[in-house]
Every structure is written in C-alpha cells, then in structure tokens.
1. Could you give the angle, 0 to 90 degrees to the nearest 10, between helix 306-315's Cα long axis and the longest principal axis of the Cα atoms of the chain?
2. If you take the Cα Rg of the chain and divide it by 2.2 N^0.38 Å, with N the number of residues, what do you get?
3. Over the chain, with every protein chain in place, what whole percent of the accessible area is carbon and sulfur at 1.4 Å, could you tell me?
4. Not counting ligands, DNA or RNA, and with a 1.4 Å probe, what is ARG126's accessible surface area in Å² rounded to the nearest 10?
5. Which lysines, if any, have their Cα less than 17 Å from the Cα of LYS489, not counting same-chain residues under 8 positions apart?
6. Compute the acute angle (0 to 90°) between the alpha-carbon long axis of helix 181-190 and the principal axis of greatest extent of the alpha-carbon atoms of the chain; round to the nearest 10°.
7. Would you mind getting me the FRET efficiency between ALA31 and ARG363? Use the beta-carbon distance for r and R0 = 25 Å, nearest 0.05.
8. If the cut-off is 22 Å between C-alpha atoms, which lysines fall inside it for LYS429, apart from same-chain ones fewer than 8 positions away?
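The values are calculated or read from the model by the stated rules, or taken from the named source; none is laboratory data. The shown structure was predicted, so the numbers you read here are calculated from the model rather than taken from an experiment. Heads up, the Cβs are rebuilt from the backbone with ideal geometry, glycines too, and the neighbour counts pull from every protein chain shown. What goes into the accessible areas is simple: the full protein's heavy atoms, side chains included, and nothing from ligands, DNA or RNA. Shrake-Rupley method; radii C 1.70, N 1.55, O 1.52, S 1.80 Å.
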Amino acid sequence: MTDHTTINTAWERLAKRLEEQPQRTLTELFADDAGRVAAMSQRIEADLGELGELGMLLDWSKTHLDGAILDAFEELADAAGFGAAREALFGGGIVNITEGRAATHGAMRGSGTDADVEEGEALLARMGMLVGAIHDGALGEIKHLIHIGIGGSALGPALAIDALTRDLKLVDVHVVSNIDGLALEQAFAACDPATTLIAVASKTFTTTETMTNATSALKWLADNNVADPSGQVVALTANPEGAVEWGVDETRILPFPESVGGRYSLWSSIGFPVAMAVGMADFQAMLAGAQAIDTHFREAEGRANAPLLAAFGDLYYTRIRGCQTRAVFAYDERLALLPDYLQQLEMESNGKSVTSDGKPVERPTAPVTWGGVGTDGQHAVFQLLHQGTHLIPVDFIAAIAPGDDLDPAHHRSLLMNCLAQGAALMAGKASDDLARHYPGDRPSAMFLVDDIDAATFGALIAFHEHRTFAGAVLMGINPFDQFGVELGKAMAKSIDSGEGDFDASTAALMAAAGLA
Ligand code: F6P
C-alpha cells in the first residue's frame, strides 16, 4: 500500500505538469498527429479454443489524452505502486485493507494463486454438477428459476442473463432484488410453483431484502401445494452455515470464498442462474473471456494496459478537468443493464473519501456513473451531452455483429448512430445562433466488440473490474469495502424497533407513513 503523502505528492506533481502544458482541443490533437487513431486505439484478441474467440477494439483517440498526459500518468502509476498493487491483487495479498482480506474474484476464473485457483475450480465443478443434475431432472421438471439477491448478488446475473440469452434460454429466469413485494409478485405471476427453483443469493445470507423475499418465496411454494418447498431452494453464499440454519439442504448450497466481494461475484456461484440459463459451456466461455483480460491486465505495462489506460482517462477527467459524472451508452439492447451494473461496480468501489491508510482524500474520487442504451438516449438526454454546461466523458459500446435477425438496416442504423454521436460530440458545429451552436470538444471512448457472446461479455466485465481497481490504486483508496451502506441499514432497523432519536423531518414522515 502506498501512503497518502506519496500519492498526494504524485498528484500535485501531475497536476502541475499538466497545468504547464497547453490544453489542446480534440480537433487540434487530431490535426497535430496523423497517427493518433493508431496510437490511441487497441485491439484485444484471444483465441479461447473450443470456448470461442474474443475480439474488441478500444478507441481512446476522441479523448484529450495525449503523449504528455500519458507520460505524466505513467509516472503517477509508478509512484502509486501500481505494479505492486496489481501483483498483490493476483497474488492473494491483503488488498482489502480495512477488512483484512484478499480480493480473489480473479481466481474464480483462473487468475490468482495456485491455491485460490484450485479452490475456484473445485467450486465451479461443484456448481457444474448441480446445474447438470437439475437440467437432467434431479429436482423434477424445472422450467423457471426465481433468483433472489440484491446489489452484487443480483446485478451481475441479471445483466449476464439479459445479454446472453436472447437466442436460447434453458430455464426462464426472473431476478428479484427489491424488498417491494411487487417485484416478487411479478415473478410469481410468470412462474408455475411446481416447476420453479428458488435461488437465494446472498454473500452474507443476512441481507434483509433477500431474506424477506426468500421467506415469501418459500411460503408461495407451500401455499401452492408444493410438497417439499425447501427441496426447490438453492443457496449461493459465502455463509453456508447461515444457509443451513435457514433450512437449505447442504447438497444444494453452492459456497464461495469470503474474499470474493459482492460486486465482483458474478464469476462465483452467484453466477449459478446464468449457468442454468446459458449452460455450463457458455458460463465457462464467460470465465475464459474474463481470464483473457486478467492476463492482459497482468502483463501489459503503462498505456498499453487497456484498463489502466481507461483509468488514466477517468482520473484525468475527474481530477484534472473537474467532471462529476461519466456516461456509458450501450448501443445494444443486450447490454441495457450494463450502466446499472457499472454504477454499483464503480460507485460502490470507488465512491470513497478516505485513502487506504485512513486519511481524507485530497481530490475527488469516483464520478457518478450513469447512462443507458442508444439510440434511445439520443432522443432523451443527449441534448445535455451536446449543449449542456457539464463536460461529460462518454463511453460508447457497440457490437459489429447484430443481435437481431431482422433487416440489416436496423443494425446498420444502430452503428451509424453510435459513431455519429462520438463524431458530433467531438466536432461540434459553429453557429451564430447560440441556441443552435454546438461547442464540440466533448470526449468519448469507443468499445467496438466483434460480437456479444459469452467470452466477449466476460471480457467486458473483467475489463471494467480492472479499470475500477486501477483507478483505486491511482487514488490510493480501497475499492473492496463499502462501509457507506451501513448507516442507512442501521437507521431502517431503528425505525422498525421504534428506538433511536430521529430528526423532526424524519419523525414527521414516520408518523405520516404509519411507521411510528
Ligand atoms: O448493502 C450493500 C451490499 O453489501 C453490497 O455490497 C452487496 O452486493 C449487497 O449488499 C448484497 O449483499 P449480500 O450478497 O450479502 O446479500
């Protein structure tokens, strides 16, 4: 861990160095360097054998990063101990300092110490056996799966299933996270209790929303004449004892290590509903795609390391240019849930105010991540991106291969729009009529993947995990804890118990809502 003084000094040096340089516009950057596109883009490829192929083109040329900025950031990365932190991540070091834990999500897909990888393989084999047995009818006919979890125990599975099951879904999966009973009722309405499996996904197996929903789901099975309701329950957890106590049979508990963080847990048994929906072969392809990015992240140095380069861009805009948000627009319906997923990954990981050694940070940390799908966003919020007063770096994500079988005009138009937006944000358009003036010089990055198959999907997610980790290292913060979520939970409990001293506004609202 690099101490806050070293990190702060490195940031001051970087800021000073960048202040001394002329800030060039995007158009100037292109005019000054005919080789800019080649220099600022990178194609990542991997042949994954029978699991498929991976190909994605990342283009950072429409950002303000240039050679001098990258030199400064590479120096910062050295000062921040990026190399050692990366080795600690994969080497099972205690990178989650405040909780005294390693972060071994990489090992769940084959990247980590021998012991951690072996454990990951054993857990995966166990999951594979259960998935296979259920597909083969060991629990009777299973047509539906209600996956109950929240935050990291829901967002990854929901995204992966939405992204990868457009063509074929082996089981009809409903992901339910909210405590609002409407969410669960909606799932019940779409499922037949006799052929529904309930997966209770909770790292801690104590989360109120999940345990309340799980109890209601069990009751729903019982109320609908299922002879052995708990026989239709699977638990996905790092607290197997808690699951046993709650009544799940040990044979249907899929554990994962405590050192796998909630928002990094898609690769572990939390991915069970994904495997149920797409089959183990595709699940393994997803892991292999992610592992290919692990290898790239472990081996590539400096600006050639794509997640690190992305983190340079993120921090340049947040800490040097004062951007408070970052937008992600997927020009692909299959990735409609990606912004939600990235919100948790980035905001829960890096939305911090203290350094890893417990001192207040001196510059902003994670921006607000937001976004949606294109082309929808163009007709709703892009006005602000083009002409608003905020500078917002945008990531565009699109696939060369279409996800649909309709007239190719659909996909062609989707891609044309995506590329046009990046070009328009950069170029702008001058007009004497200020209402019609586009200032331009607005940055964007492009992720153009060959296809959205399981391997590419895994790679995209792992890329963002490492981008987030790299950003945390450069800021000197711990991306693996989330103490900020606890106070609200405790206060909700106090409202429930009627104890606690509430402010006048909350007390009045409690009375108005019938809670007091
Ligand atoms: O409240 C935040 C959080 O702890 C997340 O970090 C986590 O992903 C989510 O709740 C769910 O936690 P669990 O998997 O333990 O139910």
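1. Tilt relative to the chain: about 70 degrees.
2. After normalising by residue count via 2.2 N^0.38 Å, the value is 1.01.
3. The value for the chain is 53 percent carbon and sulfur by accessible area.
4. My reading of the accessible area for ARG126 is about 100 Å².
5. Straight-distance partners of LYS489: LYS203.
6. 70 degrees
7. Efficiency, rounded to the nearest 0.05: 0.20.
8. Excluding near neighbours in sequence, the set is LYS62.
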